[in-house]
Amino acid sequence: MPATGSKSLGRLVAGFWVFNFILGALLLAAWVLSSKISIREFFISPTATLTATQSPSVTLTSSPTLTPSLSSTPTATRTPTTTLTPTQTATQTPSPIPFSDGPIVIGYSVENRPLEVFRFGTGPIGRMIIAGMHGGSEYNTIQLADLLIAYLQAHPEIVPANVTLYILRDLNPDGEARAHSPAGRANANGVDLNRNWDANWQKDWPRDYCWILTPVNGGSAAMSEPETRALSAFIEGHPSINALINYHSAALGIFAGGLPPDNYSIRLAKAVAAVTTYPYPPINTGCDYTGGFTDWANERGIAALDVELADHVHTDYDMNLKALVILLNFKR
Ligand SMILES: [Zn+2]
């Protein structure tokens, strides 16, 4: 019986555990269903859960890194870009100025023709050549200026590093357009542009020994003409200009500017005479020159020459290349 009794007890115990197991399984199933936790989530290993948590966290870690780097990259790049633009403009400002420039229009004639200046070099010492002041009657001075401009464009090395040269090729384009003869001397107002300057200016003057081939006058007042005012404004706007040559024709030689000429003008005149056949002192016709440009320029401290080509036809190119070198290298 104890055997029978113990067998019955054993079955009872086994039945109890089987019942408990089934009940537990049912309760577990009911809890899983009610809490809507997926079997996969429930049974997934903590490692798998961590991996799942890590992979978003990896994505998150890298994406915040990317996001700030992306959002800061444009900000950092674009803010400097706008900062760089002025910086680049600032670096462009000190960047080398081109060796030459022109034509630069510095004003207009009575008939609205442009007055053109060409620049060569970038140095602090200014030099200038002015041609065509008497228009078509001295057309060869304009041709000479054009030849010198072409030479300088091909041979920039002749301009010293400390020099800037300006060439005004034709101060009287209206006279040049009118005639390549004495009739082309005055501007469109009938004014002699070398008698219009505020230096011993007179509206009229005794014609003895002076120009009588065409009627000209000194203007309604000193500096009355737009050509005169444009050139004076350019020179006063470029105070670095301390020596210049004003070309005319023909035959009289080299006039040193100034009333009387200063030592700088005289020294420059002698230096140009030494490399040309133009005489200094010039031939004295006895004319009393009034309102002259080089006298006006010399009153402003500029060594100024009125250089007369040998005739009304030739440019005397070779001689005037030497005169150009003298002007460029003149030491004050
Ligand atoms: Zn002249």
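The figures follow:
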| item | result |
| --- | --- |
| Contacts under 6 angstrom Cβ, first residue in segment 140-168 being within 14 Å of Thr315 (Cα to Cα), partner within 16 Å of the ligand (Cβ to nearest atom) and in a helix (DSSP H, G or I), 6 or more apart | Leu144/Asn320 |
| Matching entry among Ala250, Ala304, Ala230 (being away from the ligand (no atom under 16 Å from the Cβ) and under 27 Å from Ser109 (Cβ atoms)) | Ala230 |
| Test: residue in segment 259-282 that is within 15 Å of the ligand (Cβ to nearest atom) and either touching a Lys or Arg at 6+ places or on another chain (Cβ under 9 Å) or among the hydrophobic types (A, V, I, L, M, F, W, C) (or both) | no |
| Filter pass, Asp192 being away from the ligand (no atom under 16 Å from the Cβ), of a type in the set (D, E, K, R) and out of contact with any Cys (no Cβ under 6 Å at 6 or more places or on another chain) | no |
| Number of the exception - Gln143 against (1) buried (at least 23 other Cβ atoms within 10 Å of the Cβ); (2) assigned to a helix (DSSP H, G or I); (3) within 16 Å of the ligand (Cβ to nearest atom); (4) not aromatic (Phe, Trp, Tyr) | (1) |
| Test: residue in segment 318-329 that is modelled with pLDDT of 95 or more, within 16 Å of the ligand (Cβ to nearest atom) and under 32 Å from the mean Cα position of the chain (by Cα) | yes |
| Qualifying residues in segment 118-134 (those that are surrounded by 23 or more Cβ atoms within 10 Å (Cβ to Cβ) and in a strand (DSSP E or B)) - the one nearest to the ligand (Cβ to nearest atom) | Ile130 |
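Yes/no per residue for (1) more than 13 Å from the ligand (Cβ to nearest atom); (2) surrounded by fewer than 23 Cβ atoms within 10 Å (Cβ to Cβ); (3) over 14 Å from Gly291 (Cα atoms); (4) not basic (Lys, Arg):
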{"residue": "Ala177", "(1), (2), (3), (4)": "yes, yes, yes, yes"}
{"residue": "Thr214", "(1), (2), (3), (4)": "no, yes, yes, yes"}
{"residue": "Ser220", "(1), (2), (3), (4)": "yes, yes, no, yes"}
{"residue": "Glu236", "(1), (2), (3), (4)": "yes, yes, yes, yes"}
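Yes/no matrix, rows are residues, columns are (1) touching a strand residue (DSSP E or B) at 6+ places or on another chain (Cβ under 9 Å); (2) in a loop (DSSP other than H, G, I, E, B); (3) not small (Gly, Ala, Ser):
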{"position": "Glu116", "(1), (2), (3)": "yes, no, yes"}
{"position": "Tyr166", "(1), (2), (3)": "yes, no, yes"}
{"position": "Arg195", "(1), (2), (3)": "yes, yes, yes"}
{"position": "Asn200", "(1), (2), (3)": "no, yes, yes"}
{"position": "Arg207", "(1), (2), (3)": "no, yes, yes"}
{"position": "Ser224", "(1), (2), (3)": "yes, yes, no"}
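The values are calculated or read from the model by the stated rules, or taken from the named source; none is laboratory data. As the structure is a computational prediction, the values presented were derived from the model and not from experiment. Cβ atoms come from the backbone with ideal geometry, glycine included; neighbour counts cover every protein chain shown.
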